[in-house]
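A.B. asks: The structure is given below, and queries will be raised subsequently.
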Amino acid sequence: MKLAQIIEKTGGELHPPCEKIPDITITGIAPVDKASPGELTFQTNPRYAGKVASTKATAIFLGKPTDQTTVLQIIHPNPYAAMAMTAQMFFTRTHTFQGQSDLAFIHPEAQVDPEATLYPFAYIDKGARVGSGSVLYPHTYLGENSSVGKNTVLYPGVSVMYDCEIGNSCLIHSGCVIGADGFGFAPDKSGNVKIPQVAKAIIEDDVELQAGCTIDRGALEDTIVGSGTKLDDQVLIAHGVQLGKNCLIAGQGAIAGSTKIGDRFIMAGCGAIGPSLTVASDVLVGPKAGINAPIEKSGEYHGFPAIPARQWRKETVSQKRLPDLIKQVQSLQKRIEELENR
Amino acid sequence: MKLAQIIEKTGGELHPPCEKIPDITITGIAPVDKASPGELTFQTNPRYAGKVASTKATAIFLGKPTDQTTVLQIIHPNPYAAMAMTAQMFFTRTHTFQGQSDLAFIHPEAQVDPEATLYPFAYIDKGARVGSGSVLYPHTYLGENSSVGKNTVLYPGVSVMYDCEIGNSCLIHSGCVIGADGFGFAPDKSGNVKIPQVAKAIIEDDVELQAGCTIDRGALEDTIVGSGTKLDDQVLIAHGVQLGKNCLIAGQGAIAGSTKIGDRFIMAGCGAIGPSLTVASDVLVGPKAGINAPIEKSGEYHGFPAIPARQWRKETVSQKRLPDLIKQVQSLQKRIEELENR
Amino acid sequence: MKLAQIIEKTGGELHPPCEKIPDITITGIAPVDKASPGELTFQTNPRYAGKVASTKATAIFLGKPTDQTTVLQIIHPNPYAAMAMTAQMFFTRTHTFQGQSDLAFIHPEAQVDPEATLYPFAYIDKGARVGSGSVLYPHTYLGENSSVGKNTVLYPGVSVMYDCEIGNSCLIHSGCVIGADGFGFAPDKSGNVKIPQVAKAIIEDDVELQAGCTIDRGALEDTIVGSGTKLDDQVLIAHGVQLGKNCLIAGQGAIAGSTKIGDRFIMAGCGAIGPSLTVASDVLVGPKAGINAPIEKSGEYHGFPAIPARQWRKETVSQKRLPDLIKQVQSLQKRIEELENR
């Protein structure tokens, strides 16, 4: 791939500046200490400047120019993201099936764009719509009146229930279930009476749902996963949740019903947010943490019930001193008794 | 829908009483402050009595008669449940497929009732039985000698392994797996020797399993999910568990092997119960809690290891005071030293 | 089944020793207090020696010879494992389908051994390979260039993405997803830039993955699940994890990206290990525990952040005393004030 193509896509600038990008072919990408001539590498952390000096790469993404290397420098505000974009150019995948298989089931009232791909055993239900460039793998199910936008991929075994909307350029990995009923019951002496779940699940553009996520439909208010948001495996988004844009939720995270979360929310593995809460934008939740109260200020929260990170670290450290503290207090008690008996 | 039909189903009584239910058509249901003329609403919380006074609904479910409104009152011991029942009357769904598809696979030795619906790509294995009114969506699998009762729905991608039983009027959402092997191994120097899992998984009547639940089969004792019980997404019921009737388990809950749980058990999100325990009826477990000892008394339990709610709240509050307590003890120690040196 | 066959497989020795194994037929297996004549039983725990004396079984696996019973004794270093092996001989399952169904989709460039079984609705993609004796149930998907070894079973609804490897004699239960993308994104002002996940997921021999597990493919380094390892339902193995041999991970466990774990690792339910850590062999992690630092020493760890078991128990006990401790300190403070005012 030509260096010029890479720079055009990632937007970096050569250092030292030159009028015309040299006609160099980049053969691949690699870590800074493993790159060979012909390859492109990157460096974010100034601590590893030494590695830059000795790299054998042909070019390097850097945040700031350096005089430690004669390698071609591409200065970019976010070398890590630039490298990710470049990696995407090298590792594009094509699908093994083209067209719309006779072994797929397409309801006569469904609308599938001629440029969409349907693998065998895909099922497109009544009134469902699939946009151009989208690909539905085997054993996918697209329910009644649900829609998939353009250039979206549903990997094998994805189920999308009725009346749901999936945007453009989404990746929905195997085992995801979108738009199943939320958990709503009115306990009664005769048992638990089901509350119909009649609102939609909406997945906006550029969303990625990794394997085994469940995104429930709303009861009365739609469930929304905002554009650019990425969910790791086995994440649970309950009914009526509104999750903002460009969020990142790591594996086994859960957001309970009707909770509204701002943009750029980040949650580490196994974190959970309780029901009917409001969480500001730019909040970061630690691993295994549990939020059970609204969060109005952006920042980092840990523990359960979750508290600001600094306070949590203090309490966690204190916790370790507790067995000693108990002994210390016992000893003080004795000394006080002695003083009292003087 | 006629008001008379609603009252017949929900069982409320008009206030003021009248000999014959007036011939009124109810056009829909809505929250008390959003309802329009023609609609039915409800109110449970006496705190919001003011909203009742100003509602524009045509009729309202109430726990007790009020003189704050001229709207038609339907007095019901559980207005919330009555509203849920009414909502079910308005939002009944029909299935897009009727009959038994030629694209479904039915083993010659399977027994499928003529009134059951099989979507394309459903697979009914040898000796399996499907009752009348039941619906198996695409990509469902019903294993050897397993049975599904009447009026039960298996949504897309549900797998039921061999020798299992699913009752009547159940809803099994996409991605559920029923009757897969439980986790039983005998560690040996050659590795982990598998203990055959030869008992069943039994799902009784009126059970709802939401997306992605896994209900393992038993090793020697059957796994049982009691009638009327409802499980949220991604709940795990291990081998040999016996879960009572009318239980509610929220998302990502887990019950470990051989544990026996009574009726009306309620567990909040991400709760877990350890193996081989007995839990009384009418127990409520808090979010992210973990039970690791038997529970003989009904009541509310929180934390991990879980303890009675009141005690847990006390400990949680104390926890926050710990960093200050450490400082306080240090200061007392100094004052004692000073006293000792007097 | 002949006793001689059982002894040949399990490797025990008769007591009292005899030159030739008597020609006895074993009709089944049962717990020591429930076994009938003709059946085989076992006893591990010396505490229950009394039960051995009164068992009605025809033969018994024991760790050490006893004179408490006249029942035929088979002395075995691991009676529990011997019993499990015997149970396997009694409970072998056959599959209801033979051969390769016309309703399965086999890509022309796939290689399926003639001795492999493909149920209807299985999908074998381009370049994929299936070894002899392996069985792919309905709604399974084997991705491009992925391979399944010999005598491995993929239960209904399993998806294996491209370029992955599954070994011999594995059991992969319904709903598992192997080789979906790991969670790698470079946050940028334009959003979260996806880092291509181009390495494999490798499942070695004799691995069992129970229902709903997700094993992600690697970003640059392969994800590996070592031979003999068994995962319970809903376990998450993230990208680039290397999990050793003969490990046991209970339900809903999670291992975050790039973590390397030794052999015979055991984790109780809902445990989690953070990213980019190294964990020694022979480590045991307690229920709901969370490891967030490397573990160099084998042993038992509990809590979150996890600490050695003994220390955790001490802190947990201390925790309960905290509310009283606070009161005690307040009382000491008063007594000190009084002393100071003397």
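A.B. asks: In the list B:A82, B:A35, which residue meets the criterion of being within 14 Å of chain A (Cβ to nearest Cβ), touching a Gly at 6+ places or on another chain (Cβ under 7 Å) and modelled with pLDDT of 90 or more? Steps first, please.
C.D. replies: Working: B:A35 fails: touching a Gly at 6+ places or on another chain (Cβ under 7 Å).
Answer to the selection: B:A82.
A.B. asks: Would you point out the residue of segment B:302-320, among those that are within 26 Å of the chain's Cα centre (by Cα) and in contact (Cβ under 8 Å) with a residue 12 or more places away in the chain, that is nearest to the other protein chains (Cβ to nearest Cβ)?
C.D. replies: Among residues in segment B:302-320 that are within 26 Å of the chain's Cα centre (by Cα) and in contact (Cβ under 8 Å) with a residue 12 or more places away in the chain, the one nearest to the other protein chains (Cβ to nearest Cβ) is B:F304.
A.B. asks: Could you tell me whether A:S147 is of a type in the set (S, T, Y), touching a Gly at 6+ places or on another chain (Cβ under 9 Å) and closer than 24 Å to B:A122 by Cβ? Walk me through it before giving the result.
C.D. replies: On the way: of a type in the set (S, T, Y): yes; touching a Gly at 6+ places or on another chain (Cβ under 9 Å): yes; closer than 24 Å to B:A122 by Cβ: no.
No; evaluated as a whole, the condition is false for this residue.
A.B. asks: Just to be sure before I move on: is C:S281 in contact (Cβ under 8 Å) with a residue 24 or more places away in the chain, within 11 Å of another protein chain (Cβ to nearest Cβ) and out of contact with any helix residue (DSSP H, G or I) (no Cβ under 6 Å at 6 or more places or on another chain) in the structure I sent? Lay out the reasoning, then the answer.
C.D. replies: Working: in contact (Cβ under 8 Å) with a residue 24 or more places away in the chain: yes; within 11 Å of another protein chain (Cβ to nearest Cβ): no; out of contact with any helix residue (DSSP H, G or I) (no Cβ under 6 Å at 6 or more places or on another chain): yes.
For C:S281, the condition - in contact (Cβ under 8 Å) with a residue 24 or more places away in the chain, within 11 Å of another protein chain (Cβ to nearest Cβ) and out of contact with any helix residue (DSSP H, G or I) (no Cβ under 6 Å at 6 or more places or on another chain) - is not met.
A.B. asks: So, of the residues in segment C:175-189 that are in contact (Cβ under 8 Å) with a residue 12 or more places away in the chain and not in a loop (DSSP other than H, G, I, E, B), which turns out to be nearest to the other protein chains (Cβ to nearest Cβ)? Walk me through how you get there before you give the answer.
C.D. replies: Start the filter on segment C:175-189 by keeping residues that are in contact (Cβ under 8 Å) with a residue 12 or more places away in the chain, which leaves C:175-184.
The next check asks that each one be not in a loop (DSSP other than H, G, I, E, B); those that pass are C:177-178.
Values: C:V177: 4, C:I178: 9 Å.
Per the criteria, the residue is C:V177.
A.B. asks: With C:I26, C:I106, C:I60 as the choices, which residue is within 30 Å of A:T96 (Cα to Cα) and either in contact with a strand residue (DSSP E or B) (Cβ under 9 Å, 6 or more places away or on another chain) or not β-branched (V, I, T) (or both)?
C.D. replies: On the way: C:I26 fails: within 30 Å of A:T96 (Cα to Cα); C:I60 fails: within 30 Å of A:T96 (Cα to Cα).
None of the other options fit; the residue is C:I106.
A.B. asks: Same structure again: Within segment A:115-126, which residues are more than 22 Å from A:D205 (Cβ to Cβ) and surrounded by fewer than 23 Cβ atoms within 10 Å (Cβ to Cβ)?
C.D. replies: A:P120, A:K126
A.B. asks: Same structure again: With the requirement that a residue be among the β-branched types (V, I, T) and either over 22 Å from B:T214 (Cβ atoms) or assigned to a loop (DSSP other than H, G, I, E, B) (or both), what does segment C:134-156 give you? Talk me through it step by step, then tell me what you get.
C.D. replies: Initially, segment C:134-156 is screened for residues among the β-branched types (V, I, T), giving C:135, C:140, C:148, C:152-153.
The answer is C:T140, C:V148, C:T152.
A.B. asks: In segment A:127-174, which residues are buried (at least 20 other Cβ atoms within 10 Å of the Cβ), of a type in the set (S, T, Y), closer than 20 Å to C:F183 by Cα and within 12 Å of another protein chain (Cβ to nearest Cβ)?
C.D. replies: Result: A:Y155, A:S174.
A.B. asks: Continuing with this model, one more query. In this structure, is C:S101 surrounded by 13 or more Cβ atoms within 10 Å (Cβ to Cβ), in contact with a Leu (Cβ under 9 Å, 6 or more places away or on another chain) and of a type in the set (G, A, S)?
C.D. replies: On the way: surrounded by 13 or more Cβ atoms within 10 Å (Cβ to Cβ): yes; in contact with a Leu (Cβ under 9 Å, 6 or more places away or on another chain): yes; of a type in the set (G, A, S): yes.
Judged against the criteria, C:S101 is a match.
A.B. asks: Anything in segment A:147-163 that is in contact with a strand residue (DSSP E or B) (Cβ under 8 Å, 6 or more places away or on another chain) and within 15 Å of B:P156 (Cα to Cα)? List them, or say none.
C.D. replies: Within segment A:147-163, A:L154, A:Y155, A:P156, A:G157, A:V158, A:S159, A:V160, A:M161 qualify.
A.B. asks: Then there is this: Please work out which residue is farthest from the chain's Cα centre (by Cα), limiting yourself to segment C:248-267 and to residues that are facing chain B (nearest Cβ under 10 Å) and surrounded by fewer than 24 Cβ atoms within 10 Å (Cβ to Cβ). Talk me through it step by step, then tell me what you get.
C.D. replies: As a first pass, look at segment C:248-267 and keep what is facing chain B (nearest Cβ under 10 Å): C:248-252, C:264, C:266.
Add one more test, that the residue is surrounded by fewer than 24 Cβ atoms within 10 Å (Cβ to Cβ), and what stays is C:248, C:264, C:266.
On the way: C:L248: 4, C:R264: 10, C:I266: 8 Å.
This residue is C:R264.
A.B. asks: Turning to a different aspect of this structure: Residue under question is A:P323, and the condition is that it be in contact with a Ser or Thr (Cβ under 8 Å, 6 or more places away or on another chain) and either closer than 17 Å to B:E337 by Cβ or away from chain B (no Cβ under 11 Å) (or both); does it hold?
C.D. replies: Working: in contact with a Ser or Thr (Cβ under 8 Å, 6 or more places away or on another chain): yes; either closer than 17 Å to B:E337 by Cβ or away from chain B (no Cβ under 11 Å) (or both): yes.
So A:P323 fits the description; yes.
A.B. asks: If you don't mind, another one. A:N341 passes all but one of (1) more than 10 Å from chain B (Cβ to nearest Cβ); (2) touching a residue at least 12 places away in the same chain (Cβ under 8 Å); which number fails?
C.D. replies: Among (1) more than 10 Å from chain B (Cβ to nearest Cβ); (2) touching a residue at least 12 places away in the same chain (Cβ under 8 Å), A:N341 violates only (2).
A.B. asks: Check A:E208 against each of (1) more than 14 Å from chain B (Cβ to nearest Cβ); (2) without any contact (Cβ under 8 Å) to a residue 24 or more places away in the chain and name the one condition it does not meet.
C.D. replies: The number of the failed condition is (2).
A.B. asks: Which of the residues that make up segment A:218-238 are part of a loop (DSSP other than H, G, I, E, B) and either at the interface with another protein chain (Cβ under 10 Å from one of its Cβ atoms) or touching a helix residue (DSSP H, G or I) at 6+ places or on another chain (Cβ under 7 Å) (or both)? Full working, then the answer.
C.D. replies: Narrowing segment A:218-238 to residues part of a loop (DSSP other than H, G, I, E, B): A:218-222, A:226-229, A:232-235, A:238.
Within segment A:218-238, A:A219, A:L220, A:S227, A:G228, A:T229, A:D232, A:D233, A:Q234, A:V235, A:A238 meet the criteria.
A.B. asks: Report the residue count in segment C:182-215 for those that are surrounded by fewer than 24 Cβ atoms within 10 Å (Cβ to Cβ) and farther than 19 Å from C:G244 by Cβ.
C.D. replies: Matching residues across segment C:182-215 total 14.
A.B. asks: Suppose we keep only residues that are in contact (Cβ under 8 Å) with a residue 12 or more places away in the chain and surrounded by fewer than 22 Cβ atoms within 10 Å (Cβ to Cβ) within segment A:83-96. Which one would you say is farthest from A:R47 (Cα to Cα)? Spell out how you get there, then give the answer.
C.D. replies: First, pick out the residues of segment A:83-96 that are in contact (Cβ under 8 Å) with a residue 12 or more places away in the chain: A:83, A:85-87, A:89-90, A:95.
Retained after the next criterion (residues that are surrounded by fewer than 22 Cβ atoms within 10 Å (Cβ to Cβ)): A:89-90, A:95.
Numbers: A:M89: 28, A:F90: 28, A:H95: 41 Å.
Looking at the filtered set, the residue picked out is A:H95.
A.B. asks: A further question on this structure: Being in a loop (DSSP other than H, G, I, E, B), touching a Ser or Thr at 6+ places or on another chain (Cβ under 9 Å) and surrounded by fewer than 19 Cβ atoms within 10 Å (Cβ to Cβ) is the filter here; which residues of segment C:278-305 pass it? Working first, answer last.
C.D. replies: Of all residues in segment C:278-305, those in a loop (DSSP other than H, G, I, E, B) come to C:280-282, C:286-289, C:292-294, C:296-298, C:303-305.
Filter again for touching a Ser or Thr at 6+ places or on another chain (Cβ under 9 Å), leaving C:280-282, C:294, C:296, C:298, C:303, C:305.
If the condition is that a residue be in a loop (DSSP other than H, G, I, E, B), touching a Ser or Thr at 6+ places or on another chain (Cβ under 9 Å) and surrounded by fewer than 19 Cβ atoms within 10 Å (Cβ to Cβ), then C:A280, C:S281, C:D282, C:P294, C:E296, C:S298, C:P305 are the ones that fit.
The values are calculated or read from the model by the stated rules, or taken from the named source; none is laboratory data. Only a predicted model underlies this, so the values are computations on that prediction, with no experimental measurement involved. Note: ideal-geometry Cβ built from the backbone for every residue, glycine included; neighbour counts use all protein chains shown.
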